[in-house]
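A short reminder: the numbers here are calculations on the coordinates, not readings from a lab. Just so it is clear, the structure is predicted and the values come from calculations on it, not from any experiment. Cβ sites come from the backbone with ideal geometry, for glycine too, and all protein chains shown count toward neighbours.
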């Protein structure tokens, strides 16, 4: 029996030693895996690196477009400022030239009004010689004469202030 006991004891101690070594092996393997995972966690993954690169490129594009937009806005502001500064106040010489032009136009309008009024008188005299004269007020007695009617048509029915303008304008010039 002692032989059998020693065989069983030897087998039990071998078995215990194997269990002990398996436990140590499992511990070592777990430590290695933990260290590998720690190293992977410390080094950024490829997807993260790619996202960082894309973000950097987009940030640069955004900066460039912002700078370009700012430059464009500044150019527009400068053009508006230049246009504003280029506008000068009216000078007396400019006003004098404009007054002369208005006087010339006033004289032309007066001549045209006179010509139209004369044509109206000529038509009126022709209609008197016709058999059936047109009914209406007679010149001098009625509300308006033909001459006044023609000048009202030209000036749009308003009293013409062109003569007053021309006399005041020529006296200024």
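Between residue 26 and residue 123, the simple spin-label model (points 7 angstrom out along Cα→Cβ) gives 12.4 nm. Report the residues of region 30-48 in range of a label on residue 56: point 7 Å along Cα→C-beta, backbone N strictly under 15 Å from it. The answer is 44-48, whose backbone nitrogens lie closer than 15 Å to the label point. Per-peptide packing, taken as the mean over residues of other Cβ atoms within 10 Å, places 100-106, 69-75, 81-87 in the sequence 100-106, 69-75, 81-87 from highest down.
Placing a pseudo-label 7 Å from each Cα along the Cα-to-Cβ vector at residue 5 and residue 98 gives an inter-label distance of 13.6 nm.
Listed by Cβ neighbour count within 10 Å, with the fewest neighbours leading, 96, 66 appear as 66, 96.
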